[in-house]
1. If you put +1 on each Lys and Arg Cβ and -1 on each Asp and Glu Cβ, how big is the dipole of the protein assembly as shown around its Cα centre, in Debye rounded to 20?
2. Using a loss threshold of 40 Å², tell me which positions in region A:132-151 are less accessible in the complex than in their chain alone. Probe radius 1.4 Å, ligands and nucleic acids ignored.
3. Work through the residues other than residue A:162 whose Cβ is under 9 Å from its Cβ and net out their charges, Lys, Arg +1 and Asp, Glu -1.
4. With 29 Å as the limit, write out which pairs from A:89/A:110; B:16/B:92; B:54/B:127 have Cα-Cα distances beyond it, or answer none.
5. Give a quick list of chymotrypsin sites (Phe, Trp or Tyr not before Pro) in region B:138-201 that DSSP marks as loop, anything other than H, G, I, E or B, with at most 14 other Cβ atoms within 10 Å.
6. Would you calculate the separation in nanometres between label points at residue A:217 and residue A:177, each defined as 7 Å from the Cα along the Cα-to-beta-carbon direction?
7. What residue among B:143, B:163, B:68 has the largest mean-square fluctuation in a Gaussian network model of chain B, using Cα springs under 10 Å?
8. Kindly report, to the nearest 10 Å², the accessible surface of residue A:223 as traced by a 1.4 Å probe over protein heavy atoms only.
Number of protein chains: 2
Amino acid sequence: MKLKDIKEITGIIEIKTGLHIGGSNDEIKIGGIDNPVIKNPLTNEPYIPGSSLKGKIRSLIEWQFGVVDDGKPVSVVDKDGNKKKNFEKAKKIVKLFGNGITIKNSQIAKEIGPTRVSFADCSLANKDELLEKNALTEEKVEVTIDRFTGSVGGGGPRRMERVPAGAKFRFSISLVEFERDKDLESILALGMKLLELTNLGGNGSRGYGKIEFSEIKGLDEKYLENGKLKSYEDLKKLAGL
Amino acid sequence: MKLKDIKEITGIIEIKTGLHIGGSNDEIKIGGIDNPVIKNPLTNEPYIPGSSLKGKIRSLIEWQFGVVDDGKPVSVVDKDGNKKKNFEKAKKIVKLFGNGITIKNSQIAKEIGPTRVSFADCSLANKDELLEKNALTEEKVEVTIDRFTGSVGGGGPRRMERVPAGAKFRFSISLVEFERDKDLESILALGMKLLELTNLGGNGSRGYGKIEFSEIKGLDEKYLENGKLKSYEDLKKLAGL
């Protein structure tokens with residue numbers, strides 16, 4: 001197994017609808033928001049954690065390949081270290097993203113090799129534009145309407161902090177390619193498309209976190225059109241599905 | 001459980017009567033309006049939150065299926081995690097929109113699977129037309145008439161901000177289909193029709209928020225006629241009701 005190339009795939013993530021990736025409140029501020037987004041403590045700017053990107057793309061790819069069985073990240077081996085039934089199907093996913101649990105059998109570990117892809121945290125690309133409008137983040141207030149009374153039910157309003165639609169982040173994904181690695185890039189491209197078709201971060205089913213990749217560089221041209229990802233149908237075919 | 005397809009249903013929401021979906025006032029402006037509508041802080045344009053679309057469509061579908069019991073969004077399990085009586089009836093709704101509370105029993109969670117539908121926030125489609133008339137939003141003043149004096153009662157006039165009739169928004173609904181998912185699209189189509197027949201946002205009973213879906217793409221042709229939804233009767237039949 002020999003390293004052939006390390007691809008750096010870069011570009012812009014455009015936020016199409018407000019994005020909420022939850023952070024933690026270290027300090028309690030008077031008048032502070034209940035559900036803050038994750039921010040860099042040095043600059044106080046929101047960012048997109050690589051963990052959110054990787055986790056969502058991986059889970060979508062797992063659904064697409066039909067290898068989800070117990071709700072956990074897919075593994076090619078069971079607890080006792082034996083090959084699972086879906087070994088061949090899950091192998092590509094595990095090569096790309098890593099195995100759900102540590103592979104103890106050295107023969108299998110050798111066959112899989114190290115995790116190929118890594119998603120960097122994404123920093124804000126158009127900070128000045130956002131700051132000009134005083135809108136690094138927005139506050140969105142939501143309520144659950146009680147079906148009978150027609151007024152606010154279920155514990156009162158929720159106050160959510162979001163990165164507003166129109167924000168842009170710089171992303172960087174690195175893909176390690178070994179000799180005889182095949183098709184892994186096509187799976188990554190399909191996973192990125194699946195993310196565009198669904199959503200990133202919390203509360204997606206009620207409108208949050210629609211994103212689009214643009215100005216993509218470093219990914220093979222056959223997956224791209226004008227710096228954006230080709231259609232879902234095209235990318236499924238290219239991934240052999 | 002394997003992902004079969006992700007449908008992207010898009011089109012236009014036409015505002016037929018002034019729409020009020022409340023926003024929050026971060027800053028108090030002199031001469032500002034009492035009840036503002038929700039706006040994107042970057043562009044200052046009003047938008048329709050996916051949460052309003054989803055919440056209203058879900059509650060209408062719950063009424064249609066007769067599964068509303070305590071005023072809260074319907075669940076298939078009770079607080080202790082046991083199947084509720086209406087499990088079979090509510091299952092489709094919960095597959096589509098998500099369960100009201102987290103399902104802890106992994107067997108039931110597996111049967112339901114992840115939430116299938118997500119409603120993106122809808123951005124303004126005819127901004128230039130509205131700006132030309134200087135009417136991104138309108139102000140409507142209302143009063144309650146005192147029954148005896150025949151003049152203004154009940155705390156004086158209410159000043160409401162509304163998106164004016166004639167505004168158009170772009171919508172995008174994504175529907176994840178797993179193998180063996182049946183009838184979910186028909187429920188979504190019926191829910192959209194129910195929304196047209198009622199209203200969106202606040203103060204519906206006094207005239208606000210009549211909307212119509214048009215230029216619909218991505219929904220199966222059997223639900224459509226000239227890019228609009230078929231009649232309520234037709235859609236009820238197609239949903240098996």
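1. Working: 82 positive and 72 negative charges, 318 e Å.
So the magnitude is around 1520 debye.
2. Flagged in region A:132-151: A:133, A:138, A:139, A:140, A:147, A:148.
3. On the way: positive: A:140; negative: A:138, A:139, A:161.
That sum, taken over residues with Cβ under 9 Å, equals -2.
4. Numbers: A:89/A:110 17 Å; B:16/B:92 31 Å; B:54/B:127 24 Å.
Distance filter (> 29 Å) returns B:16/B:92.
5. The qualifying sites are B:148.
6. For the pair residue A:217/residue A:177, the computed spacing is 1.8 nm.
7. The residue with the greatest mean-square fluctuation here is B:143.
8. Its accessible surface works out to 10 Å², give or take rounding.
The values are calculated or read from the model by the stated rules, or taken from the named source; none is laboratory data. Bear in mind that the values here come from a model prediction, so they are computed numbers and not experimental data. Cβ atoms come from the backbone with ideal geometry, glycine included; neighbour counts cover every protein chain shown. Please note that ligands, DNA and RNA were not included when accessible areas were found on the heavy atoms of the full protein model with its side chains. Shrake-Rupley method; radii C 1.70, N 1.55, O 1.52, S 1.80 Å.
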